Each structure stands twice: as C-alpha cells, then as structure tokens.
Amino acid sequence: MGYEAMLKHVLAGLVIFAATTGCTRKTPVAAPSESSDDSHRAQVAMTGDILIGEYGSMTGGEATFGLSTHEGVMMAIDETNEAGGVKGRRLKVIALDNQGKPDEAAAVVTRLITENKVVAVLGEVASGRTLAAAPIAQQHKIPMISPSSTNPQVTEVGDYIFRVCFIDPFQGTAMAKFAHEKLSAKKVAILRDVKSDYSVGLATFFAKTFRQMGGEIVIDQSYQSGEKDFKAQLTQIRSKKPDAIFIPGYYTEVGLIAQQAKQLGIKAPLLGGDGWDSEKLYQIGKDAINGQYFSSHYTTESTDSVVQDFIKNYKAKYGKVPDGLAALGYDAAKVLVSAMERAAELTPKNIRDEIARTKDFAGVTGRITIDGKRNAVKPAVVVKVDGTVNRYVTTITP
Amino acid sequence: MTDAAPSPQTRFRRSFLAPTATFAVLLALGGILDRTANGYTQLIFLFMFVNMILALSLNLVNGFTGQFSLGHAGFMAVGAYVSGYLSVLTMGVGARLMFLPQPFEFLNFPIFAVAGGLAAAAAGYLVGLPSLRLRGDYLAIVTLGFGEIIRVVLLNTKAVGGARGMPGVPAPGELVVGDYVFSPFFMNYLWAAFWLTTTFFVLWRLVRSTHGRGFQSVREDEIAAEAMGVNTTKMKVQAFVISSFFAGLAGAVFASATKYLNPSTFQFTKSVDAIIMVVLGGMGSLTGSVIAAIIVTMLPEFVLRPLQEYTGVDLRMVIYSLLLIIFMISRPQGIFGKAEVTDLFKRLTKARGKDGRTSA
C-alpha cells in the first residue's frame, strides 16, 4: 500500500502544480498582459526587416484565389522594397497556406502573430476563412486587411479588422444609380435568389436606392438557386413592361434566365452584380447574355494610368493578365504600406490607426477611403458582357 | 502488491488510478504550456487532443469492429455545432440566456459537450441502423454520403450561419477560485484533457469487456460470430453509436478551441484525416491511435512548417504524403498493429523474469 500512497501524493502534487501555473490573479487579468504584449511586439518591430503576415488558400480547391492574391501582394511589396522600403527598412512577407480550410486559417494566423510576430496580417479571400482568423488578430491587437471578403460581418469582428473591397450591399446601390443615371430607367423589375444572403442583400439595397431616386420597382420576383425554369417569373415581369431587370444572382442561373428572357421576347437590359463574373456566364447564356450589365471590382479596360501601369508591370512579372483578386491583393498591400509610411512608429496600434485614416488612396480598384466601420468606400465599375470579354462602361462612385 | 484477491472496494479504487494519473500528468503539462508556450503552440496542442479523441472514436468502428466508416467528420460536425450553438446562446457576446450561474459557469461546457456527443450519437444511430446491414465498400459509400448530408444540412441552416459559418463561439466558462481565475486556454485544455482521458479509458475498458469481445468477433469472422449467438447487426450499431458519441465530443472541444465553426471544416478530407490516424497507429490499437494523432498533428505544423519558412518552398503536403506512403509500404499494419504500448512493458518485465502486472 505504500506504493499507492506515494503515487497519490505525486498526483496531488501534479494537480497543484497545474493549478498554480494555469491561473492568474483575477483583477488585473486583461489590461497588463495586453500592454506587456504590445511593448514586446514593438521591440521586435523596431529593428531589421518589417514582418508582414499573409495567409491564403495556396493549395486545395480554391488555390487560384490564394495564389492570385499572393502575386498581387508580392508585387506591391517588391515595388516598395525597390523604392527603398518603409522608413529605410525592408518589408518581408511571410505567406502561409491554409489549404482552404477555416481551422487551418485560424492556426496559421495564430502562428503568424504569436510565433513570427508580424506587425500586420493580409488575407483572406473567402469570408468564411477571414471570419475564422479575424478574432485572433483582434484578440492580439494586430491589424488585418482582407483584400476581398465582401460579407458585412467580417469587419464587425472588431476595430483591427479592415477590408479594401466594397461590401455586398454597395453593389445594389451602385447598380440602382447606374440604372437611374445611365440607362434613364423609370420602372425596374427585380428577380432575386431568396436562398442567398448575397442576392437578398443586393436586391434590398437596389430597391431602396432606386426608390429614393424617384424610380419605381414594378415587380419583385424570386427564385431559388438550383432551379432551371424561370418562365413563370419572367412572364409576370414581361407583363409589367420594365425598363430594366435587376438579377443579383450567380452566373449559372443568370445564364439560364437570360436565355429564357430572350425566348419570351423580353428586350429590357438585364443588370447584376459580381456574382455574374465568370467565363461560364457566356457558356451558359450564349448570345442572350451579350449586352447585359453587371458591377465588378475592377476592369482591365480602365483608362486610369494606375490601372494600366499595374497591368503592364504584372504582365512583365508573371506573364499573364491580372484578375480581380490579384488587383485587390495589390491594393490591400499598398494600403498597408501607405499606412506604415504615415505611422510615427511601426507599432500595430499606430499602423491600425493609420489604416483607419486611409482617405482617397489611389488604388488599382479605385479610390479607397476607409469608413468608420472599417469598410472601403470606393467606386464600383460597371461592365457590359461581350462574349467572354467584359467591356468597361462606367465607374459608379459611392 | 501480491495480495491474492483484492476486495471489491480496492478494485474499484484501483480502477480509477490509471485515469487519474493520466489526467494529472496531462494537467501538469497544461500548466507548463499555459506559462511558457505561445498561442500557436497552445492551439496546436488543443487540435492534437481533438485529433486524438477523433482517432480513438473511429478506431472502435474501423479498428475493433472491422467496419469501414468514411463519414466521421459528419458526427464531429454535429457535436461541434450543438455544443457551439449552446455556448453561443448562453455565454456568447450579448447572450440573453443563462444556463449555470457563476461559480458553476465552468460546468457549462462539459454539459454542452455531452449534449453534442448525444446528438452525434443520435445521428450515428439514424445512419447506422439502415446502413450497417451493408458491408465493405457499400458501407463506406453510404457513410460517406451521410457525412456529406450532415454538412449540407448545416450549410443550409440559417440559425447556425449557413455557408458564412458561426463566429463567436466562446471559450469554456470561467473557473474562479477565490481571487484567482484560470486562463481561457487552460480551461480549454482542462476539458480537452478530461475528455481525452475519459474517451481513452472508456474505450480501453470497453474493448476488453464481453461487449468489446463481441465487437472484435464481428471483425474476425461475421459468420462464426453469428453462429456463436452474437447479434452482429446490433453489435455494429452499438459500436457505431458509441463511436459517434465520442466524435461529437471531439467536435465540441474543437468548437471551443477555434471559436469559429464553418461547414467546410467538416468536409470529406476531415474524415480521411481521421482514417489516416487510425491506420497509421494500427487498426485495433488505442495507444497507436494516440501516438498517430500526435504525429499527424505535430509533423506538418512543428516540423514541416518551419522547413517551409526556411526553404521558401511549400512542399509541406508533398513531404507529408510521401512520408505516409513510405511508412505504409514498410509497415502496412500501422505502428502498433493490434498491440498496445503497454504490451511492450509487459514483454520487458516478462523478459526480466518478473510477474507481469496488468496495467489499468
């Protein structure tokens, strides 16, 4: 029995040891640990290369998202380093792959912040993965800029989370302005996908803005993604004789809707959001989709010199035309760099404050201003479908 | 030490010795991690516990009962979402409901985790009842299908955020002792270690019980088992339900560790990860599953990730896959086969000519 009694003492000792190491005094639990963290990080950031973290889906089913964004980010960072870096220090990007998994995104961002001790984080494309990582950046008070997560909830996580793309509702507003000002439409019909948050958001804001400008929503029809036949809704819409039809859905259904609208003899132009932006749109919709309009983040046909320089340099560096994600990745990195240049000291807190002050920043995807909710206020471009090419029509400013 | 027949009370007390010792050692490790390790290392350790529980639970079906389930991520998802949703309701930001008040708030999480486990077990029963009459490839495909159904249902459930996911899952409730409070990591760790210990020893005892022999008889020869009076379908369903319960627990621990749930986490690849751990450790070896989970979690993060940063080339998954292939070619039965780590000790003590004491 002596053996068992000894064991008991050892176990009790282990538990007491765990209890004493695992707990802290209650009252000063949050405040001091934060400030000590900050001073520690400031120390790290004061010498040598400036470390910036990036996380994205570089492998897996959505690898093109992560790789495009990464190329855009690296171009911005290389340009900055060639021009002498920030405050005489070079920038170094630590890019980690999350395989397109939200739990990996959380692990990877924790690593970037606690192990690599980066001063800021760039990423992600998919809102789901940004939402997994954002609370970690917020908890450690490290600024994070998402290049292309459009879900409104992303920046609501906290005051250290930003984005350089517009949020879903803005596209609805932009297309309402476009319909009113450029197409001189008075009566518009809406056909929304009730199953998608994105589509409902766009439709709601479109209707609100269009009514405010004195237009009329003559009919508001709905469908569910996955459906194949839209003739019932389209016949109803035809009877109201609208000047334009707003369809904020995804390319699969939109292609079919365009074809069926043409068969029913509907001549009114169709309008949509960036959910249309796919080569598949033309494959499904064929020539019925030609001449229709949708809003997007950026167009290669813009005459702006910032855009043309970006496209030229990107082609020289990677040998291909940059897509929208590359352009947004580039802008996210540039907004961060410009905030760093303005910051008095390169602490995460100072960088955060400067990102929040970003105003009229000339990005590839338009002039970016960060608003009080840490979202980018910036123009959307409207493009016209012409086969597999999207022709630039106009820019809608907020 | 050699008293011939220990009294029932002594036996009862002794049966708690090994689990308590394991839990105490794990807790001490947690205390050290809490003080010395950074957030990343801490998170990976929590993921490791999740993987251990998941691998152990799957081993009961794939290893001990000899059935091939490919949908384990689905049951983990059920546990994660049930426990996560209850936590958000009662402890999340701006929660209106209250389950247990302070000072008992720390008991919220284990209760929710059990609720998650039970929900997963119920899902396991629904899936198992019709599909476990199938064998081999057919069963694998049906379980795969059910795993996907669970994920798609979550994807289309507005209450848990659908494709956007469910953010803001809180850490387990605070444990306050006088003036002192345990850190959120330590509370996460405490419950993860608790559920791991529970899972391990429950399964350890189970597979050595009459019931467990029944499971194994199904694996060895279904017809012979049936001839001996074993109700094979019942055995399979039981193994499946118990296994789903523990997978649900793994999900609950996962939910509070990552603080965010998204259906795309629980894809088919998650099920495959669990199978890799079971096969790597040895089908029918519980300690093997534990060790395999350590390897599968630690290798890509603590060995291959620094290698990637050092070389600048991301060959993480290539090296990882290659290592697995080489390993499985050279040792197809897994690290331990059907043996346990404790068998090694036994062999050692026997070699010294001493009387082998069974552990646990």
How about residue A:117: which lysines have a C-alpha closer than 25 Å to its C-alpha, ignoring those fewer than 8 places off in the same chain?
A:87, A:92, A:101, A:141, A:334, A:349, B:259
Quick check on chain A: helices-only [θ] at 222 nm, where DSSP H runs of length 4 and up contribute -39,500 (n - 2.57) each and the sum goes over total residues. Nearest 500, please.
-14500 deg cm²/dmol
Between the range A:314-388 and the range B:137-204, how far is it from one alpha carbon centroid to the other, in angstrom?
37 Å
Using a Förster distance of 45 Å, the FRET efficiency for residue A:312-residue B:327 (Cβ separation, nearest 0.05):
0.35
Out of every Cα pair in the protein assembly as shown, what percent are spaced more than 38 Å from each other?
46 percent
Please report how far the C-alpha centroid of the range A:73-134 lies from that of the range A:211-251, rounded to the nearest whole angstrom.
41 Å
Mind checking the range B:113-178 for trypsin sites (Lys or Arg not before Pro) that DSSP puts in a loop (not H, G, I, E or B) and that have at most 16 other Cβ atoms within 10 Å?
B:133, B:135
Among the aspartates and glutamates, select those whose C-alpha is under 12 Å from the C-alpha of residue A:286, and discard any that sit fewer than 8 residues away in the same chain.
A:386
Would you please state which residues of the range B:319-346 a label at residue B:272 would reach in this model, taking the label point 7 Å out along Cα→Cβ and a backbone N cut-off of under 16 Å?
B:319-326
Residues with beta-carbon under 13 Å from that of residue A:369, excluding residue A:369: net charge, scoring Lys, Arg +1 and Asp, Glu -1?
+4
Loop only per DSSP, at most 16 neighbouring Cβ atoms within 10 Å: give me the GluC sites (Glu not before Pro) in the range A:322-398, ordered by residue number.
A:345
Any idea what Rg and Dmax come out to for the range B:182-260 if you just take the C-alpha atoms, in Å?
16.8, 56
Helix A:305-318 axis, angle to chain A major axis (alpha carbon atoms, nearest 10°):
60 degrees
Defining a contact as two alpha carbons under 8 Å apart and six or more residues distant in sequence, what relative contact order in percent does chain B show?
30 percent
Using each residue's phi in the range B:312-318, evaluate 6.51 cos²θ - 1.76 cosθ + 1.60 at θ = phi - 60° and report the 3J(HN,Hα) Karplus result to the nearest Hz, with x for Gly and Pro.
x, 10, 8, 10, 3, 6, 5
Can you list residues whose amide H is under 5 Å from residue A:96's amide H, if they're 5+ apart or on another chain and H is modeled 1.01 Å from N?
A:54, A:55, A:56
Using a Gaussian network model on chain A with a 10 Å cutoff between Cα atoms, which of A:133, A:83, A:18 fluctuates the most?
A:18
Fully extended contour minus Cα-Cα distance, from residue A:213 to residue A:17, at 0.36 nm per residue
63.7 nm
How large is ³J(HN,Hα), in whole Hz, for each residue of the range A:377-389 in order, when computed from phi with the Karplus curve 6.51 cos²θ - 1.76 cosθ + 1.60 and θ = phi - 60°, using x for Gly and Pro?
9, 7, x, 10, 9, 10, 10, 10, 6, 9, x, 8, 9
Can you give me the three principal axis dimensions of the range B:115-250 from its C-alpha atoms, in Å, biggest first?
63, 38, 18
For the range A:169-296, what is the largest minus smallest coordinate of the Cα atoms on each principal axis, given in angstrom and ordered from greatest to least?
35, 28, 25
May I ask for the net charge around residue B:125, where only other residues with Cβ less than 13 Å from the Cβ of residue B:125 are counted and Lys, Arg are +1 while Asp, Glu are -1?
+2
Report, in deg cm²/dmol and to the nearest 500, the calculated mean residue ellipticity at 222 nm for chain B, where each DSSP H run with n ≥ 4 adds -39500 (n - 2.57) and the sum is divided by the residue count.
-22000 deg cm²/dmol
Normalised by the number of residues in the range A:169-296, what is the relative contact order in percent for Cα pairs under 8 Å and 6+ residues apart?
26 percent
Loop-located trypsin sites (Lys or Arg not before Pro) in the range A:128-183 whose Cβ has at most 13 other Cβ within 10 Å (DSSP)
A:182
Nearby aspartates and glutamates by direct alpha-carbon distance to residue B:346 (threshold 13 angstrom, same-chain neighbours under 8 apart not counted)
B:355
For the range A:108-231, report the translational diffusion coefficient in µm²/s to the nearest whole number, using Stokes-Einstein at 25 °C, 0.890 mPa s, and a Kirkwood Rh over Cα pairs.
148 µm²/s
Excluding exposed DSSP-loop chymotrypsin sites (Phe, Trp or Tyr not before Pro) (at most 12 other C-beta within 10 Å), longest clean stretch of chain B
B:105-360
Here D for chain B, in µm²/s, from Stokes-Einstein with a Kirkwood Rh over Cα pairs at 25 °C and 0.890 mPa s, works out to 114 µm²/s
Residue B:223 and residue B:12 label points (each 7 Å along its Cα→Cβ direction) are spaced in nm at 4.6 nm
For every other residue with a beta carbon closer than 12 angstrom to the beta carbon of residue A:333, add +1 if it is Lys or Arg and -1 if Asp or Glu, then tell me the sum.
-4
Provide, as a two-decimal number, the C-alpha radius of gyration of chain A over 2.2 N^0.38 Å, N being how many residues it has.
1.17
Sorted largest first, the C-alpha extents of the range B:209-333 along its principal axes in whole angstrom are 61, 39, 22
Cα pair distances of the range B:1-154 binned at 10 Å [whole percent]
9, 25, 30, 24, 11, 1, 0
Any idea what log10 I(q)/I(0) is at q = 0.11, 0.19, 0.20, 0.24 Å⁻¹ for the range B:84-183, Debye with uniform C-alpha scatterers and no solvent?
-0.50, -0.99, -1.04, -1.24
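Any read-out appearing in this document is the output of simple, stated calculations on the displayed coordinates, not a laboratory observation. Bear in mind that the values here come from a model prediction, so they are computed numbers and not experimental data. Glycine also receives a Cβ, built like all others from the backbone with ideal geometry; neighbour counts cover every protein chain displayed.
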